[in-house]
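Each remark here refers to the structure printed beneath this line.
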Amino acid sequence: MTQESLHRVVVLVDENSNPFELSCAIEIFGLRRPELGRDLYDFRLCAVSPRTRMRDGFFTLTGVEPLSALERADTVVVPNRPDVHAPRSPRVLAAIRAAHERGARMIGYCSGAFTLAEAGLLDGRRVTAHWMWADTFRRKFPRVRLEPDVLFVDDGDILTAAGSAAALDLGLHVVRRDHGAEVATAVSRRLVFAAHRDGGQRQFVERPVPRVPDESLAPLLAWAQTRLDEPLTVTDLAARAAVSPATLHRRFRAELGTTPLAWLTSERVALACRLLERSESGIDVVARRAGLGTAANLRSLLRRETGLSPTEYRRRFNSA
């Protein structure tokens, strides 16, 4: 695949953009992938000015492409800024609107949701933003359906993340959507980051720091991940951890922001995706090997997670 034929991701950097989310976009979309034997994206940075001062003057970005780079973008990552009250540049908003009208996919990290809303793209749409700014966002944009307690929201052609580490979660979700679970797992391995945290997990779990640290769930999760094809239940997980199901539920909520059953289902769907990508086994066989029981259950859960049927998913991502 030539560089010209790759999906083009363009990050629009505005005055006082946050370097962290910019770095997340570079890590996910901008790196060469020799471990995969191919690159995944054609990645560009653009800005209104040839010299763009980053947040709090940490550094000045130079040598990037002009705003016209958005005219050829397949995906646009919109700028975020820590001052959510300052209006965005009219030129930036106009360029974002034009790219979206042309059919580009839009990604907003953290306060990037404010940018998308100012551009007029979010009325009636589902989005998320950092929990600290939820009240401000609702006041400024009452017609937008804000979901402030999740890591990220995929609303089709507009995707938003809560910020900070959730930008990596959303980035890996986009890679999974574009290239399949196997490639997303390889990217997460290089990041040394969790391969999959569901977007519906909570952004922030209010929890006092214990005087004696709790025993990590990691050994239990590793044990379960090697037995996903078995009829594991939440009761089985609790027995393995030597706690009651209620205690296990509390620990999952505290450490992972999800429930044991939701985690188990998510892991099984991810395994089913990898099996569909790696082999030509029948759908019934994939469902059994992933611990999902029946082909009907696999179809329902896979469509909920990816928007695709098993046949469509395999056609798109199978490398066997």
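What the table shows:
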item: Relative pair counts by distance (%), Cα atoms of the chain, 20 Å bins; result: 30, 55, 15, 0
item: Rounded Å value of the spacing that divides the Cα centres of the range 32-60 and the range 225-252; result: 42
item: CD proxy at 222 nm, helix term only [per DSSP H run n ≥ 4: -39500 (n - 2.57); per residue of the chain; nearest 500]; result: -12500 deg cm²/dmol
item: Which of Ile283, Ile107 has the fewest Cβ neighbours within 10 Å, and the rest in rising order; result: Ile283, Ile107
item: Angle in degrees between helix 181-191 and the longest Cα principal axis of the chain, rounded to the nearest 10; result: 70
item: Förster radius 35 Å - calculated FRET efficiency between Leu6 and Val285, Cβ distance, rounded to 0.05; result: 0.55
item: Mean separation of Cα contacts under 8 Å (6+ apart) over length of the chain, as relative contact order %; result: 12
item: DSSP bridge pairs, the range 42-194: antiparallel proportion in percent, nearest 5; result: 35
item: Interchain or long-range residues, amide H under 5 Å from Leu159's placed H; result: Met106, Ile107, Gly108
item: Kirkwood Rh, angstrom, the range 211-320 [1 / mean 1/r, Cα pairs]; result: 14.8
item: Among Gly57, Gly163, Gly120: highest mean-square fluctuation, GNM of the chain, C-alpha pairs under 10 Å; result: Gly57
item: GNM top mover of Thr60, Thr226, Thr294 - the chain, alpha-carbon springs below 10 Å; result: Thr226
item: Neighbour cut-off at most 12 other Cβ (10 Å), DSSP loop, GluC sites (Glu not before Pro), the range 231-287; result: Glu280
item: For the range 299-306, 3J(HN,Hα) per residue [Karplus equation, 6.51 cos²θ - 1.76 cosθ + 1.60, θ = phi - 60°, Hz, x = Gly/Pro]; result: 4, 5, 6, 5, 5, 5, 7, 10
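Read-outs: derived from the displayed coordinates by stated rules, not from any lab. No experiment lies behind these values; they were computed from the predicted model shown. With ideal geometry, Cβ positions are generated from the backbone for all residues, glycine too; neighbour counts draw on all protein chains shown.
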